[in-house]
Amino acid sequence: MRSRKLQEPVPPHTPSPRAQRRDLERAVKIILVGYSFTKTDAQARMELLEAIEKDNCGVDSREVHLVLGPNTEDPNHRRVAELVRPRLGTTRASFIDRLEPGHTRSALVIRHPPFAEDFIGDYVRRVR
């Protein structure tokens, strides 16, 4: 009797890198969970920041949520926020953690204090 090879499961559809980049360019809200733009990962950091900078979302207000752990004043938190903030569009006033009134076009980087696993575990409650 011949042995039958088990077929590998088909992985779920993963969008192409081009589609992923287009989605980031069009995103109104982006949530970065546990990714701190490591200095050794320059290529990924630049591709992500360039996609955010394209600003093809078509709305007046954009947000990037950073989930990097409880110490939001840590130099690494500040570094990531300052890398993202100016990329949110040159035609928008951009802020970290709170908007200032009087801007019709704005961009906000919000630093969340939970650890990544806590944020993900509580995500469903957050978006209801």
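The values are calculated or read from the model by the stated rules, or taken from the named source; none is laboratory data. All figures in this text were calculated on a predicted structure; none of them were measured in a lab. All Cβ positions, glycine included, derive from the backbone under ideal geometry; neighbour counts span all protein chains shown. These area figures cover heavy atoms from the full protein model, side chains too; ligands, DNA and RNA do not enter into them. Shrake-Rupley method; radii C 1.70, N 1.55, O 1.52, S 1.80 Å.
Annotations for the structure displayed:
- A single member of E63, E73, E82 is surrounded by 13 or more Cβ atoms within 10 Å (Cβ to Cβ) and acidic (D, E), and it is E63.
- Count of region 81-124 residues, restricted to those that are under 13 Å from the mean Cα position of the chain (by Cα) and basic (K, R), is 3.
- Residue match in region 116-128 (condition: in contact with a Leu (Cβ under 9 Å, 6 or more places away or on another chain) and either without any contact (Cβ under 8 Å) to a residue 12 or more places away in the chain or open to solvent by 50 Å² or more (accessible area, probe 1.4 Å) (or both)): no
- Only one of R78, R2 that is basic (K, R), modelled with pLDDT under 90 and either out of contact with any helix residue (DSSP H, G or I) (no Cβ under 9 Å at 6 or more places or on another chain) or under 25 Å from V124 (Cβ atoms) (or both): R2
- Subset of region 85-112 [of a type outside the set (K, R) and in contact (Cβ under 8 Å) with a residue 40 or more places away in the chain]: T104, S106, A107, L108, V109, I110, H112
- First in region 16-36 and of a type in the set (F, W, Y), second anywhere and in a helix (DSSP H, G or I), Cβ under 6 Å, 6 or more apart: none
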